[in-house]
1. 5 Å is the cut-off here: which amide hydrogens, built 1.01 Å from N in the peptide plane, fall below it relative to residue 135, excluding neighbours closer than 5 in sequence?
2. In Å, what Kirkwood hydrodynamic radius results for region 183-226 from the alpha-carbon pair distances?
3. Using alpha carbon centroids, what distance separates region 51-98 and region 113-127, in Å?
4. Around residue 60, under 15 Å between beta carbons, what's the net of Lys plus Arg minus Asp minus Glu among the other residues?
5. Below 10 angstrom from the Cβ of residue 48, what's the summed charge of the other residues (Lys, Arg +1; Asp, Glu -1)?
6. Please give the contour-minus-distance gain from residue 107 to residue 282: 0.36 nm per residue of separation, less the Cα-Cα distance, rounded to one decimal in nm.
7. Work out from phi, with θ = phi - 60° and the Karplus expression 6.51 cos²θ - 1.76 cosθ + 1.60, the ³J(HN,Hα) of each residue of region 144-149, listed in order in whole Hz, and give x for Gly and Pro.
8. Specify the inter-centroid distance of region 165-200 and region 23-41, based on alpha-carbon positions, in whole Å.
Amino acid sequence: MEVLVAGATGFIGRRLCPQLHRDGHNVRAMTRHPDRYHGVGTPVGADAADPDSLVAPLRGCEAAYYLVHSLAADDFERRDAAAARNFGRAAAAAGVQRIIYLGGLGDDADHLSAHLRSRRQVESLLGEAGVPVTTLRAGIIVGHGGISWEITRQLVEHLPAMITPRWVRTRTQPIAVDDVIRYLTGVLDDPRAEGRTFEIGGPDVLAYLDMLRRVARIQGRPIPIVPVPLLSPRLSSRWLALVTDVDVRTGRSLVDSMVNEVVVHDTAIRDILPFATLGYDEAVLRALGERVGVRPEP
């Protein structure tokens, strides 16, 4: 199958392209800087913000993965909406048969953060021009280089003790990046997945506090953690920027989302792809191993 990956250089994209290639697909790696791309697949230059640039890369593709977002920008909601609309229209004009999108978990009945609301909006805008969209909604993805995972790792590694905001007691259902890739590739040519939305997660439902403590135990450096209920989102994001390499804008967007419980309620994906997902501790060990150059066999 001829497949375009928009966002090929990102945390997910740089793992997805090699797996699609191993599965026998012809991969077009979409990036704004194709001259700098050295990964798997044929680099194609395009920017989802520029509709005209999408015409040639999508021509002849049967499917497209959409892994684009603008979380670090102040107006990321507007940017992401415009980009998704552009991509959906260009895909329809090119005759693409399916778009696959990685979105975010969260209960629609909840008061979702701007970040999660934007992810929902992108889901609908991608399909506005008529291309069926398969959406996989995930919470925290554990893997080397992922922003949410890096926040967890760096907090544990950099602090002798930790004063944390109230969101550390929010429940989430983390998933290993390897399992995300299995789901993304697994739904590609399965007709049962066309046009549907699925929730994906690992086997463990944990509070952020539990995740911090588990990572500390795995690394052999348990640290005292003291939740402070009055630590505001603004102060939380500045605190994250101070002790991790996440910028304040991105930190604020993520902190705002951390008040929303993100757990799997619909397990329909298991009917299509019933493999056993990795537990949180194993996902952490793999992420730490990859950081020092040790990757498990695919």
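We did not get these values from a lab; they are worked out from the coordinates using the rules stated. As the structure is a prediction and not an experimental result, all values here were calculated from the model. Don't worry about glycine lacking a Cβ; one is built from the backbone with ideal geometry, like all the others, and counts go over all protein chains shown.
1. Under 5 Å from the amide H of residue 135 lie the amide H atoms of 101, 196, 197, 198, each far enough along the sequence or on another chain.
2. Working: mean 1/r = 0.0732 Å⁻¹.
Computed over region 183-226, the radius equals 13.7 Å.
3. Here the two parts' Cα centres lie 13 Å apart.
4. Numbers: positive: 28, 59, 98; negative: 2, 62.
It works out to a net charge of +1.
5. Values: positive: 32, 79, 85; negative: 47, 50, 80.
Every neighbour counted, the sum reads 0.
6. Numbers: separation 175, 0.36 × 175 = 63.00 nm, distance 2.70 nm.
Value of the extension gain: 60.3 nm.
7. Running phi through 6.51 cos²θ - 1.76 cosθ + 1.60 with θ = phi - 60° gives 4, x, x, 4, 5, 5 Hz.
8. First find each Cα centre; the distance between them is then 23 Å.
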